[in-house]
2 protein chains.
Amino acid sequence: MPLDVSTQVKDPERVRLRREQIVQASVRLFTEKGFHKTTTREIAKASGLSNGALYEYVQSKEDVLYLVCRHIHREVRNRLASTLTEPGSAAKRLRHALCRFGELVLSMQDEILLIYQESKSLPRLYLHEVLSEEQQVVAVFEQLLREGLADQSILVEEKDIPVLAENAVVMGQMLAFRRWAWKQKSTESVLNTQVNAFLASVHSTTD
Amino acid sequence: MPLDVSTQVKDPERVRLRREQIVQASVRLFTEKGFHKTTTREIAKASGLSNGALYEYVQSKEDVLYLVCRHIHREVRNRLASTLTEPGSAAKRLRHALCRFGELVLSMQDEILLIYQESKSLPRLYLHEVLSEEQQVVAVFEQLLREGLADQSILVEEKDIPVLAENAVVMGQMLAFRRWAWKQKSTESVLNTQVNAFLASVHSTTD
DNA sequence: TGATAATGAGCGGGCGCTCAGTCGGAGGTG
DNA sequence: CACCTCCGACTGAGCGCCCGCTCATTATCA
């Protein structure tokens, strides 16, 4: 249940359109310079709006950050959900989901990094919402792990599952926020290492 | 080779002392409100100095952030180094180092989080230095993994070691930067899960 | 008494945000 | 059709504030 961001403009379609411009421009600016060093004037200009018009669609600079985070999470969730329709054993599906999640992270490196670095600047309410959206991603892997436990294709203790699911997500996200550390390696080979490491950590039995 | 931060004050002992005050106060402030929302006036006041005096020991606000990061890394490195004197097989020493690193992270949660969230605000030169200090921590685990490979107490491919060492560090740091995700669990039990998960991921043979 | 350290009011500038005013077009009227 | 009215969207100069940093001045010592 995403939070509402209030606006002065009546036409909802126009709001959608303008906010799309705002988000698109802001992702670029925040990625390049960070949230704090980007001015609202820059946001307005890059969105093709005047200073005043920007504030017709948003009540504060933090609103913009929230719109950006929500947009990114929405895309992650949509793309992740589309990978869960595969058949096969839980371990197979887990591997598949890990690979896809990794590719997803790689193709959205800047955006993932952005959320990691800037979400702490969100007001409390917005922050909670963003974190709970993140937990929905974690929940996907929790679910897969539980199914693996059920069909015995992975071997872990039930009580460890929340932590292990978190590991799956973070190990994927590392492809974005630690990319500087292995610049000489190909990204696919790192992804492969990560997937295998995670599967080994849950004693998956299909390698 | 830590970078010099320039000062107007001649007496080195006095510089050391005052900067200790500055770092101590800043760690608290940055932890509570973040780097950007902390003003230099607050830093000066909390350090027991005047606005002007602060700038006798530092040339910019970013200098303060660098001093803070350097201080934290120094403590991490010192405490980690003191855990490496144990005897035994590589796998045993690896497990030991992971546990100690985890405890270290738990006891410095705020500081670790601080580096994660704020180091991106450092000027390029400082940032590189901080990142390379981080790599020294990673190098400790690389070393242990290589020794494990040599005495066959772990089973991985040489080419994966850099990535796996990075995993070890990040899985430890998760205790700090994902603490909100498992608030109901005891920290020791999470630590245990993490250590076991990592050892399994490198097929360690001493469990 | 001279060098060094500390003071704190204040400068310059930039920032988030506002608001009096303009524009344009949908709709009403004769 | 010409004309007028009205209202929602948009403009951009500018307000008020605060922040990083400085420097003329004062205090403190050897």
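Quick one: helix A:61-81 against the long Cα principal axis of chain A, what's the angle to the nearest 10°, folded into 0 to 90?
The angle comes out at about 30 degrees.
Please give the solvent-accessible surface of residue B:35 in Å², to the nearest 10, using a probe radius of 1.4 Å with every protein chain present.
0
Tilt of helix A:109-118 relative to the longest C-alpha principal axis of chain A, in degrees (0 to 90, nearest 10)?
70
Out of all Cα-Cα pairs in the protein assembly as shown, roughly what percent, to the nearest whole number, are more than 31 Å apart?
Details: 38336 of 85491 pairs.
Tail fraction, whole percent: 45.
For the stretch A:12-64, what is the Kirkwood hydrodynamic radius in Å, using each pair of distinct C-alpha atoms?
Working: mean 1/r = 0.0924 Å⁻¹.
This gives a value of 10.8 Å.
Give, as a single signed number, the net charge of other residues whose beta carbon lies under 14 Å from the beta carbon of residue B:118, with Lys and Arg counted +1 and Asp and Glu -1. Please report the intermediate quantities before stating the final value.
Working: positive: A:37, A:120, B:28, B:33, B:37, B:61, B:70, B:120; negative: A:118, B:32, B:62, B:63, B:110, B:111, B:134.
Cβ neighbours under 14 Å give a net charge of +1.
With N denoting the number of residues in the stretch B:165-207, provide Rg(C-alpha) divided by 2.2 N^0.38 Å, to two decimal places.
Values: Rg = 11.0 Å, N = 43, 2.2 N^0.38 = 9.2 Å.
Output field value: 1.20.
Taking a point 7 Å out from Cα toward Cβ as the label site, list the nm distances between residue B:12 and the same residue in every other copy, smallest first.
Inter-copy label distances (nm, one decimal, shortest first): 7.0.
Checking buried surface per residue: for the stretch B:149-168, which residues lose a minimum of 50 Å² accessible area in the protein assembly relative to the chain alone (1.4 Å probe)?
With the partner chains in place, the stretch B:149-168 has these residues losing at least 50 Å²: B:163, B:166, B:167.
What per residue convex hull volume, in Å³, do the alpha-carbon atoms of the stretch B:1-143 yield?
On the way: hull volume 16.0 nm³, N = 143.
Enclosed volume per residue, from the Cα hull, is 112 Å³.
Would you check chain A for Lys pairs whose C-alpha atoms are within less than 19 Å, ignoring same-chain pairs closer than 8 in sequence, and give me the count?
On the way: A:33/A:45; A:33/A:61; A:33/A:120; A:37/A:45; A:37/A:61; A:37/A:120; A:45/A:61; A:61/A:120.
Taking the Cα cut-off of 19 Å, the pair count is 8.
Label residue A:127 and residue B:135 with points 7 Å out from Cα along Cα→Cβ: what is the distance between them in nm?
According to this spin-label approximation, the distance is 3.2 nm.
Which residues of the stretch A:171-188 end up with at least 20 Å² less accessible area in the presence of all protein chains than when their chain stands alone, using a 1.4 Å probe?
Buried on complex formation: A:171, A:174, A:177, A:178, A:180, A:181, A:182, A:185.
Ignoring ligands, DNA and RNA, what accessible area per residue does the stretch A:98-148 give at 1.4 Å, in Å²?
Per residue, the stretch A:98-148 has an accessible area of 40 Å².
Report the normalised scattering of the stretch B:65-201 as log10 I(q)/I(0) at q = 0.18, 0.19 Å⁻¹, calculated by the Debye formula with identical scatterers on the alpha carbons.
Computed log10 I(q)/I(0) values: -1.03, -1.13.
Set the Förster radius R0 to 30 Å, insert the Cβ-Cβ distance between residue B:84 and residue A:203 as r into 1/(1 + (r/R0)^6), and round the FRET efficiency to 0.05.
Numbers: r = 29 Å, r/R0 = 0.96.
For residue B:84 and residue A:203, the calculated efficiency is 0.55.
What's the carbon and sulfur percent of chain B's accessible surface, probe 1.4 angstrom, rounded to a whole number? Numbers along the way, then the final one.
Working: 5130 of 9950 Å².
Of the solvent-accessible surface of chain B, carbon and sulfur hold 52 percent.
Set the Förster distance to 22 Å, then compute FRET efficiency between residue A:184 and residue B:192 from the Cβ-Cβ distance, nearest 0.05.
On the way: r = 34 Å, r/R0 = 1.55.
With R0 = 22 Å, the Cβ-Cβ based efficiency is 0.05.
Mind checking how much accessible area B and A bury in total, 1.4 Å probe, in Å² rounded to 100?
Values: alone 11440 and 11420 Å², together 19900 Å².
Heavy-atom accessible area buried at this interface is about 3000 Å².
What FRET efficiency comes out for residue A:157 versus residue B:6 if R0 is 60 angstrom and r is the Cβ-Cβ distance? Round to the nearest 0.05. Could you put the intermediate results ahead of the total?
On the way: r = 54 Å, r/R0 = 0.90.
Between residue A:157 and residue B:6 the formula returns 0.65.
The values are calculated or read from the model by the stated rules, or taken from the named source; none is laboratory data. Just so it is clear, the structure is predicted and the values come from calculations on it, not from any experiment. So basically every Cβ, Gly included, is an ideal-geometry build from the backbone, and we count neighbours across all protein chains shown. Please note that ligands, DNA and RNA were not included when accessible areas were found on the heavy atoms of the full protein model with its side chains. Shrake-Rupley method; radii C 1.70, N 1.55, O 1.52, S 1.80 Å.
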